[in-house]
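Asks: Supplied in structure tokens, the structure appears directly below.
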Ligand code: NAD
């Protein structure tokens, strides 16, 4: 792509912008495109198929130049990865407002999106690519760890030891799967068509090894399953061929899921297409490619249904593969449950979700200090403590050092305020940014994922993420975004993100208290409204006001 070059965020405590409130989005935009972080930085692609941080390199340069000079009473507007205006606002207002990939509903299809993208009018922002708070594969690791822990608790007595998990996709997010399985004690086979993706996860410590052949992989993993060893093996292959073959061979598989980038049919390699032909073929004949990808996804999901029939725990991992498989002719795709209703919704009812932060200093010691602060703040949460210790030991940082941990309503603000104090008194070398994935309790409408099978049938109601973004902007977040199509693809989701900056000032503390309370509060409210008792209990216990429940 024209203008392509390696990008790396500045480190240390010296400002290149006018304040930390603008330095932070500047560094995080650059960090998303760091070659250690992004999957295809030369094309501005961060993760998730074609999730971009900027529309083109000219837009990237203009955003960097604008953020470098932006004042603390100004706001930059970003329309699908391109800066389109700077407005006079006020210090409590966000410094950046972003809207990515949004289309009027009747036009919200992949072909129309691609037509507009080819005209240079839009870009796909995924969730945290276009909103500058992607922190590498770690970002999803804890959520994946939590999900496999829930699978272990529901089906295998609390551990995956002695089980084999089979999955596809070892990319930016999917690459967390093998480590999440081994952290839960299990054995894992991950299939990816691209050997470079598998090697990258081995280098980062997420994957144990890459097998020479399917036979070798099966032999190693069957032995690991028998001996209850936590082992992960990658296999170069097409999941649409490998899963049916495993089923045919009668390999004993206990858990099956998938994180190929099936949400975008052009980002799923059909069987019979060589890796080298992929992008050229997809660009030349998108419709033919889409049909072939969907046929392959149908075979892939038929095999998943076969494992389900055989008694395995099988779930869709939020990549829309069931809907694509139905389009490819697999009638039983939705026999496979989605992971949110199966494992995650009780956490959402308590406003729990993927809280994350990054050290703008670039110093890993800052993350170690915040890890200690989290352990100190929540001494009775053993599950959280196990995760923080495991992450400290196993997670290799990509780009600016960062951490994620799922925290709920009432806990996120406590962590944010503590981090701000640590910046103020010099325990941290520079400010930290605090954000989250868009995959959160109150910030998404996505009927095939976060809002699948809501108790009141409100799966497709998209007012909630819009309210969530307005709440974040009204409460003092530093940047706020509204996206369409993340996770599950164009036409299938609307979602919002927010990021705050703990710069050690009193003003930042006031903002953090409000944003980090109100943001997860919308998650609790969304689930109270849908009729979940657990959410009503949380609201009642914390004094969260729900007008329709006031007498
Ligand atoms: P990615 O584009 O970085 O990686 C996808 C991987 O799939 C690539 O390595 C690619 O080579 C591989 N692949 C494509 N077709 C294949 C095939 N037929 N067989 C085997 N491998 C194949 O994407 P990502 O960021 O890892 O995200 C993966 C999917 O998971 C996306 O659909 C994304 O929206 C979804 N997702 C889910 C969650 C969640 O919490 N469940 C979170 C984020 C993303």
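For every residue, the table says whether it meets (1) part of a helix (DSSP H, G or I); (2) buried (at least 24 other Cβ atoms within 10 Å of the Cβ); (3) under 24 Å from the mean Cα position of the chain (by Cα).
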position	(1), (2), (3)
501	no, yes, yes
507	yes, no, no
520	yes, yes, yes
528	yes, no, no
537	yes, no, no
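Asks: Now a separate question. Among the residues of region 464-514, which ones are free of Cβ contacts under 8 Å to residues at least 24 places away in the same chain and within 28 Å of residue 112 (Cα to Cα)?
Replies: The answer is 470, and nothing else.
Asks: Return the only residue of 293, 267, 298 being crowded, with 24+ Cβ neighbours inside 10 Å and within 14 Å of the ligand (Cβ to nearest atom).
Replies: Checking each option against the conditions leaves just 293.
Asks: In region 349-383, how many are without any contact (Cβ under 8 Å) to a residue 60 or more places away in the chain and in contact with a strand residue (DSSP E or B) (Cβ under 6 Å, 6 or more places away or on another chain)?
Replies: Of the residues in region 349-383, 1 are without any contact (Cβ under 8 Å) to a residue 60 or more places away in the chain and in contact with a strand residue (DSSP E or B) (Cβ under 6 Å, 6 or more places away or on another chain).
Asks: Okay, moving on. From (1) within 16 Å of the ligand (Cβ to nearest atom); (2) surrounded by fewer than 17 Cβ atoms within 10 Å (Cβ to Cβ); (3) not in a loop (DSSP other than H, G, I, E, B), pick out the condition that doesn't hold for residue 61.
Replies: Just one mismatch for residue 61, condition (1).
Asks: Residues in region 392-407 that are surrounded by fewer than 20 Cβ atoms within 10 Å (Cβ to Cβ) and either touching a helix residue (DSSP H, G or I) at 6+ places or on another chain (Cβ under 7 Å) or free of Cβ contacts under 8 Å to residues at least 60 places away in the same chain (or both): how many?
Replies: So the count comes out to 4.
Asks: Then there's this: Would a scan of region 135-148 turn up a residue that is over 19 Å from the mean Cα position of the chain (by Cα), more than 10 Å from the ligand (Cβ to nearest atom), part of a loop (DSSP other than H, G, I, E, B) and surrounded by 24 or more Cβ atoms within 10 Å (Cβ to Cβ)?
Replies: For region 135-148, residues over 19 Å from the mean Cα position of the chain (by Cα), more than 10 Å from the ligand (Cβ to nearest atom), part of a loop (DSSP other than H, G, I, E, B) and surrounded by 24 or more Cβ atoms within 10 Å (Cβ to Cβ): absent.
Asks: Can you tell me which residues in region 408-447 are surrounded by fewer than 24 Cβ atoms within 10 Å (Cβ to Cβ) and part of a loop (DSSP other than H, G, I, E, B)?
Replies: 408, 410, 411, 425, 426, 427, 429, 430, 447
Asks: Can you name the number of the only condition in (1) part of a loop (DSSP other than H, G, I, E, B); (2) surrounded by fewer than 24 Cβ atoms within 10 Å (Cβ to Cβ) that residue 220 fails?
Replies: If we test residue 220 against (1) part of a loop (DSSP other than H, G, I, E, B); (2) surrounded by fewer than 24 Cβ atoms within 10 Å (Cβ to Cβ), just (1) comes out false.
Asks: Right, something else. In contact with a strand residue (DSSP E or B) (Cβ under 9 Å, 6 or more places away or on another chain), closer than 30 Å to residue 422 by Cβ and buried (at least 24 other Cβ atoms within 10 Å of the Cβ), is that true of residue 486?
Replies: Judged against the criteria, residue 486 is not a match.
Asks: Then there is this: Report, by residue number, each residue of region 340-364 that is farther than 30 Å from residue 543 by Cβ and crowded, with 23+ Cβ neighbours inside 10 Å.
Replies: Selection gives 358, 359, 360.
Asks: Okay, moving on. Return only the number of the condition from (1) within 16 Å of the ligand (Cβ to nearest atom); (2) modelled with pLDDT of 95 or more that residue 15 does not satisfy.
Replies: (1)
Asks: Can you tell me which residues in region 152-173 are at pLDDT below 95 and surrounded by 24 or more Cβ atoms within 10 Å (Cβ to Cβ)?
Replies: 172, 173, listed by residue number.
Asks: Of all residues in region 84-111, count the ones that are farther than 25 Å from residue 266 by Cα and crowded, with 18+ Cβ neighbours inside 10 Å.
Replies: 6
Residues are listed down the side, and each one gets a yes or a no for (1) within 16 Å of the ligand (Cβ to nearest atom); (2) touching a residue at least 40 places away in the same chain (Cβ under 8 Å); (3) touching a helix residue (DSSP H, G or I) at 6+ places or on another chain (Cβ under 9 Å); (4) under 29 Å from residue 267 (Cα atoms):
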residue: 52; (1), (2), (3), (4): yes, yes, yes, yes
residue: 67; (1), (2), (3), (4): no, yes, yes, no
residue: 113; (1), (2), (3), (4): yes, yes, yes, yes
residue: 119; (1), (2), (3), (4): no, no, no, yes
residue: 125; (1), (2), (3), (4): yes, yes, no, yes
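Asks: Now for a different question. Of the numbered conditions (1) within 14 Å of the ligand (Cβ to nearest atom); (2) under 22 Å from residue 440 (Cα atoms), residue 132 satisfies every one except a single condition; which is it?
Replies: The number of the failed condition is (1).
Conditions tested, residue by residue: (1) crowded, with 17+ Cβ neighbours inside 10 Å; (2) under 28 Å from the mean Cα position of the chain (by Cα); (3) within 10 Å of the ligand (Cβ to nearest atom); (4) outside the structural domain of residue 167 (by TED's automatic domain parsing).
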{"residue": "240", "(1), (2), (3), (4)": "yes, yes, yes, no"}
{"residue": "247", "(1), (2), (3), (4)": "yes, no, no, no"}
{"residue": "251", "(1), (2), (3), (4)": "yes, no, no, no"}
{"residue": "254", "(1), (2), (3), (4)": "yes, yes, no, no"}
{"residue": "260", "(1), (2), (3), (4)": "yes, yes, yes, no"}
{"residue": "276", "(1), (2), (3), (4)": "no, yes, no, no"}
{"residue": "284", "(1), (2), (3), (4)": "no, no, no, no"}
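Asks: So, one more: Could we say that residue 81 is at positive phi and surrounded by fewer than 19 Cβ atoms within 10 Å (Cβ to Cβ) here?
Replies: It is false that residue 81 is at positive phi and surrounded by fewer than 19 Cβ atoms within 10 Å (Cβ to Cβ).
Asks: Against the definition (touching a helix residue (DSSP H, G or I) at 6+ places or on another chain (Cβ under 8 Å), over 20 Å from residue 176 (Cα atoms) and in a loop (DSSP other than H, G, I, E, B)), how does residue 252 come out, yes or no?
Replies: In short, yes.
Asks: Oh, and also: Scanning for something over 27 Å from residue 530 (Cβ atoms) and touching a helix residue (DSSP H, G or I) at 6+ places or on another chain (Cβ under 7 Å), does region 330-350 turn up at least one residue?
Replies: yes
Asks: If the requirement is being farther than 22 Å from residue 161 by Cβ and either within 14 Å of the ligand (Cβ to nearest atom) or surrounded by fewer than 24 Cβ atoms within 10 Å (Cβ to Cβ) (or both), which of these qualifies: 200, 225, 229?
Replies: Sole residue among the options that is farther than 22 Å from residue 161 by Cβ and either within 14 Å of the ligand (Cβ to nearest atom) or surrounded by fewer than 24 Cβ atoms within 10 Å (Cβ to Cβ) (or both): 200.
The values are calculated or read from the model by the stated rules, or taken from the named source; none is laboratory data. What you see is a predicted model, and the numbers here were worked out from it, not measured in a lab. Positions of Cβ are generated from backbone atoms using ideal geometry, with glycine treated the same way; all protein chains shown enter the neighbour counts.
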